[in-house]
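The values are calculated or read from the model by the stated rules, or taken from the named source; none is laboratory data. Treat the numbers as computed from the prediction; the structure is a model and nothing was measured. Using ideal geometry, Cβ is built from the backbone for each residue, glycine included, and neighbour counts are taken over all protein chains shown. For the accessible areas, the whole protein counts, side chains as well, though only heavy atoms, and no ligand, DNA or RNA atoms are used. Shrake-Rupley method; radii C 1.70, N 1.55, O 1.52, S 1.80 Å.
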Amino acid sequence: MTFLVGKIALDITAGAPNNGRGEDNTAKVKSLTTGRGERVPYTSAQAFRRWLRDSLPANEQRSPVTKEGKGKKQQAYTAGRPDLYLDDDLFGYMVAIKKESYQRDTVLATGTLVSLASRRITTDFGTMSRGFKAGEDPVIHEHEHYTTELAGDVLLDLPRAGTFEQNGGGLRRALAPAAATEATQAGATEQLLRGIDCLQLPIAERRRRVAVLLRTLARVQGGASRALHYGDRAPSLILLAPLKGGNNPFTRVLGLRNGTAVFDTDVFVEEKAAWAEELDGPILVGWAPGFLGDQREQVRRDLAEDIAAGSVVIDHPRTVMDTLAKEIEAGQRDAWFEDPTA
């Protein structure tokens, strides 16, 4: 039973990838305030998950969304069919209708992507006067943008991919009775996962879904303000470590040194050693060239023995994710999907 845990980082240059509530004529980026009163930009997990979902391959069918009600009584929900739709399976959902509710906790857990350093948020002043008559006052507007490295934690609970809890453990059922019957008729089987009765899809489909997600993770597109602040939103760094438990020891591997974002090799080495018994394969680091300056090559030199031994892989994010996806599709990582206590 294995989790893929680690870190995702985005490289933002004069961008406004996730906006908050505006004030007057100013569009504000999302930010939090530190104890020193400094504003630190961030991108919400909800926004990144939306980008990731939207970046899935065009031929990957999405779960349809239903919207009901008006005003404060509005609600929106997906089909709640993880047996049919990859996004319902891996992103989770809540369906509450006609005194019935079905829920799936996320398989892909994502943290808020917060700026590693305290960066100044810039206000850009603009006007609209095109087509106005001579002497007419322009329409004034302002918006914010910033340059920084954003980073957040990530966890992929592999045994739960394609596995749907039906009772026990205080969880709501993932599937309505009729949907459970349809899933069983289509090939799902009864399984026990972590002491909970579940329905599970065939391993080939479970492999396929995880492989699609991993490939998409390296190809994310999206973000707000693309007309004025377009930029690459694919992660510049993806660290994934296969761990037998759900802890994330690599949450502090990206930090600051003299105000500059760094990959802290000392933290990485110590955490790798401390969690050696829990590691269930090589630690994968997808690192785009040029991100964090020349640090990638320095880290490769520092970890040369681990790389030679195969316990650490450092390469381009697309290369790393595509290779892992191929291994999973080929059945080379099937043990990661299993519950040894079942």
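Given the structure, is R215 open to solvent by less than 10 Å² (accessible area, probe 1.4 Å), in contact with a helix residue (DSSP H, G or I) (Cβ under 6 Å, 6 or more places away or on another chain) and under 16 Å from L108 (Cβ atoms)? Lay out the reasoning, then the answer.
Numbers: open to solvent by less than 10 Å² (accessible area, probe 1.4 Å): no; in contact with a helix residue (DSSP H, G or I) (Cβ under 6 Å, 6 or more places away or on another chain): yes; under 16 Å from L108 (Cβ atoms): yes.
When the stated conditions are applied, R215 does not pass them.
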Considering V313, V299, V269, which residue is surrounded by 14 or more Cβ atoms within 10 Å (Cβ to Cβ), modelled with pLDDT of 95 or more, over 16 Å from P242 (Cα atoms) and β-branched (V, I, T)? V299
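Go through the stretch 177-194 and give me each residue that's open to solvent by 60 Å² or more (accessible area, probe 1.4 Å) and either part of a loop (DSSP other than H, G, I, E, B) or touching a Gly at 6+ places or on another chain (Cβ under 7 Å) (or both). Spell out the reasoning first.
Of the residues in the stretch 177-194, the ones open to solvent by 60 Å² or more (accessible area, probe 1.4 Å) are 177-178, 181-182, 184-186, 189-192, 194.
The answer is A186, R194.
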With the checklist (1) under 15 Å from the mean Cα position of the chain (by Cα); (2) farther than 20 Å from D11 by Cβ; (3) open to solvent by 70 Å² or more (accessible area, probe 1.4 Å) in hand, flag the one item N167 doesn't pass. (1)
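Could you list all residues from the stretch 33-58 that are among the basic types (K, R) and farther than 17 Å from G152 by Cα? It would help to see each step written out before you state the result.
Within the stretch 33-58, the subset among the basic types (K, R) is 36, 39, 49-50, 53.
Those that are among the basic types (K, R) and farther than 17 Å from G152 by Cα: R36, R39, R53.
The rows are residues; the columns are (1) in a loop (DSSP other than H, G, I, E, B); (2) open to solvent by 70 Å² or more (accessible area, probe 1.4 Å); (3) not aliphatic (A, V, I, L, M).
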site: D124; (1), (2), (3): no, no, yes
site: D137; (1), (2), (3): yes, yes, yes
site: H143; (1), (2), (3): no, no, yes
site: T147; (1), (2), (3): no, yes, yes
site: A151; (1), (2), (3): no, no, no
site: L175; (1), (2), (3): yes, no, no
site: D197; (1), (2), (3): no, yes, yes
Considering only the stretch 159-173, state which residues are in a strand (DSSP E or B) and either among the hydroxyl-bearing types (S, T, Y) or touching a helix residue (DSSP H, G or I) at 6+ places or on another chain (Cβ under 7 Å) (or both). T163, Q166
Among the residues of the stretch 86-93, are any open to solvent by 20 Å² or more (accessible area, probe 1.4 Å) and assigned to a loop (DSSP other than H, G, I, E, B)? no
